[in-house]
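Participant: This is the structure I have questions about; it appears just below.
The values are calculated or read from the model by the stated rules, or taken from the named source; none is laboratory data. Everything numeric in this text was worked out from a predicted model, so none of it was measured. In this analysis, Cβ positions are derived from the backbone assuming ideal geometry, glycine residues included, and neighbour counts consider all displayed protein chains. Ligands, DNA and RNA are excluded from the accessible area calculation, which covers all protein heavy atoms including side chains. Shrake-Rupley method; radii C 1.70, N 1.55, O 1.52, S 1.80 Å.
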Amino acid sequence: MELLSEQKKYKKVLIQYLEENQSLFLNEWNETIKVNEIDPYKEKIKENGYGMYSLVINIFNGSLSNGVLTKLAYQVANERLKANINIGDFLYNINLGRNIIVRNVFGANIPIKYIQKFIDEINTHFDTFSYHAVTRYTNLTNEVIEEKQSFISENHKDKLAVLGQISSSFVHEFRNPLTAIMGFNKLLIRENPNLKYLDIIDYELNQLNFRITQFLHTSKSDFNEEQREEISVLELLEEIQQLTYASIVDASVNVEIDIYPNFVITASKDGLKQVFLNLFINSIDALKGKDQPRTLKIHTMTEPNERVIRISNNGPAIASEMIESIFEPFFTTKELGTGIGLYVCKKIIESNDGYMNCVSNDNLTTFSIHFPNS
């Protein structure tokens, strides 16, 4: 009882000491805090400092509630967010005030066994306030980010909807005559196998059909899954090599395919064919800007939980800051690129339960396609 009585006595001493020196301590704090001149709430910083000091006094006279502390913390968090000022400045100012009070309470001439307990209470008070303020600030910041992301997403959907309307008209107007031309060209090849240039015409028609299909896919918010089947990756890649043969020869690219004949995956064959064709064309285009040797490598590997197909080229590296963006629609590093090819590839692979990524350095740029090893 005697210790409790003494503690109450020294609490009164501390309260009186803090009240008598309030102006002195707050002036010291005001002279050393960080205040940004463009902060619209810079006058509120000093006002909040007075509020914090009053709360410290209320700790020791027993009139402080958690609700009052939290309310001030939330108010400060809202002001810091609206001010758009570094939250680090706020924490610096809070801890500066803490240090001034803790350093000066020794001047109250209170025995050390009591002063240490009082300092612990002050620290707990400041820590709790900082926790509530920073937590509130973080939550508000996340809400703002989510709102912006939602706006960007909705804006992107609107653009894709417009693109979808354009694409529907585009596909209708061009796909029908293109199909007819492709059909008649195949008849010419069958009837005149030695006629020059028909193979080039066939290749270019397939390329045009491929680009039209890309635009059609890009306009869709969802990629409808086509019938899946067991696919020999080696056979499909050899078919792609034949389709791109003219471009491979023209660019003097050495193609190296290292795949086991029994390496198979279950997926949409037409979709996977489109992915491989796009990656081949992109690689060949990239290699045109490099001196010899120009190499396009394809190899596969089976891991415990997945099967991986890697398509690599030794062309110029893709800048590290662009790696995450290359799969976004309408992003391109090509002067005349559309920025939809890799986006479509990624969506096709994901619609078949897989995923894609890219790693690039000065030696190799590698696109990896991962499928579950089911």
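Participant: Looking at Lys290, Lys273, Lys269, can you tell me which residue is basic (Lys, Arg) and open to solvent by 70 Å² or more (accessible area, probe 1.4 Å)?
Facilitator: Exactly one residue qualifies, and that residue is Lys269.
Participant: Could you tell me which residue of the stretch 188-206 is nearest to Phe276 (Cα to Cα), considering only residues that are free of Cβ contacts under 8 Å to residues at least 12 places away in the same chain and surrounded by 10 or more Cβ atoms within 10 Å (Cβ to Cβ)?
Facilitator: Among them, the one singled out is Glu204.
Participant: For the stretch 216-266, name all the residues that are at pLDDT below 85, of a type in the set (Val, Ile, Thr) and either surrounded by fewer than 18 Cβ atoms within 10 Å (Cβ to Cβ) or more than 12 Å from Ile348 (Cα to Cα) (or both).
Facilitator: Thr244, the sole residue that qualifies.
Participant: Also, I was wondering about something else. Can you pull out every residue in the stretch 319-329 that is outside any helix (DSSP H, G or I) and among the charged types (D, E, K, R)?
Facilitator: Glu328
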